Amino acid sequence: MEVFKQITEVQQKAQQVKRDGKSIGIVPTMGYLHEGHLKLIQEAKNENDFVILSIFVNPLQFGENEDLDAYPRDEERDLQRAEEHGVDLVFFPTEQTMYPHPLSMEISVIRRADVLCGRSRPGHFEGVVTVLTKLFNICLPTNAYFGMKDAQQVAVVDALIKDFNFPVKLKPIATVRETDGLAKSSRNVNLTEVERKESPAIFEALQYGKKLYDSGECNVSNIIEKTRQFLEERTHGKIDYIELLSYPELENVKVIDRQVILAIAINYKRARLIDNIVFSEAGVTTG
């Protein structure tokens, strides 16, 4: 496994891989790898000749009230896990490497970003698409792997690839969960013992909301409200939102006549957790 910190090193390697007629899978992360990330790596290994893992805590994704310095980091452990799981190249740039000078231009996300997490995190997805534009140009991936736990991010990346004609195929991967249903997340380590015991109720609430639809409930507002009541009875966390929207467009719907997402965000004392399920009238469910 090679570890590169400079952009030119990665570009040259990616160009050589492409000249050899091989495919490249990229797994963009902010590090502190957990089983969800490792699932993405495994899928990339299965479908590509060469796998690049990027590890970069992107400052552009953090708002004024979000503590960039508090984001968990463990470089040695990340590199060990990457090597154990067959990553071919780790791109581990510094902030100075990625942003050596103030940006002269910005990418504005005008759709899919003003709902769910994007509503309370202005500028977040601008930061996401900026760093991904750079990573796609640096790493030249054939396929890009993202977890559906952050389904809004997947929707925004889908728009980025389509709008700017990146020759990259988006590969959404189902959420990896603990045995009790809690979605794997780097932030789970910040839960108190009581919060950890309550947190599986998030996925249970999503399943409950889907079951309401399966049982014939057609009113979107009723599904949202009953899901909220279910969750409030089972956790002391503060619910940020419960939303049911079309997917991947992330637009309001009155009836479920297309693929939709039921999504939840909840704030605990030191952790904000998100989860979702995506389903359609045809019965296909991802979550």
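Each reported figure results from applying straightforward, stated rules to the coordinates on display, with no laboratory input. Just so you know, these numbers come straight off a predicted model, no measurement behind them. Quick reminder, even Gly has a Cβ in these numbers, built from the backbone with ideal geometry, and neighbours come from all protein chains shown.
In units of the rule-of-thumb radius 2.2 N^0.38 Å, region 1-40 shows an alpha carbon radius of gyration of 1.38. Taking every DSSP bridge with both residues inside the chain, close to 50 percent are antiparallel. Rg over Rh for region 145-287 works out to 0.98, using Cα positions for both radii and the Kirkwood form for Rh. A simple charge model with +1 on the Cβ of Lys and Arg, -1 on the Cβ of Asp and Glu and nothing else charged puts the dipole of the chain at about 300 debye relative to its Cα centre.
Taken over the C-alpha atoms, region 211-277 has Rg and Dmax values of 12.5, 38 angstrom. Based on the reciprocal of the average 1/r between different C-alpha atoms, the Kirkwood radius for region 68-137 equals 14.8 Å. All C-alpha to C-alpha distances of region 137-186, sorted into 10 Å bins beginning at zero, yield P(r) values of 24, 46, 22, 8 percent in whole numbers. Among the chymotrypsin sites (Phe, Trp or Tyr not before Pro) in region 198-287, none is located in a DSSP loop while being surrounded by at most 14 other Cβ atoms within 10 Å of its own Cβ. Note on the chain: GNM, Cα springs under 10 Å; of Gly216, Gly86, Gly31, the largest mean-square fluctuation is that of Gly216. Divide the volume of the convex hull around the Cα atoms of region 2-173 by the residue count and you get 115 Å³ per residue. Here Lys13 is the anchor, and the aspartates and glutamates within straight C-alpha reach of less than 20 Å, apart from those fewer than 8 places off in the same chain, are Glu2, Glu47, Asp49, Glu83, Asp88. For Glu204, neighbours were defined as the other residues whose beta-carbon sits under 14 Å from its Cβ, and their charges (Lys and Arg +1, Asp and Glu -1) total +1. Could you identify which residue out of Glu35, Glu178, Glu243 has the top mean-square fluctuation in a GNM of the chain using Cα springs shorter than 10 Å? Looking only at Glu35, Glu178, Glu243, the largest GNM fluctuation is found for Glu178.
The orientation-averaged shadow of the Cα convex hull for the chain, equal to a quarter of the hull surface, comes to 15.2 nm². Region 159-242 gives an Rg/Rh value of 1.09, both radii derived from C-alpha positions and Rh following Kirkwood.
When you filter the chymotrypsin sites (Phe, Trp or Tyr not before Pro) in region 115-167 for DSSP loop state and at most 16 other Cβ atoms inside 10 Å of their Cβ, you are left with Phe164.
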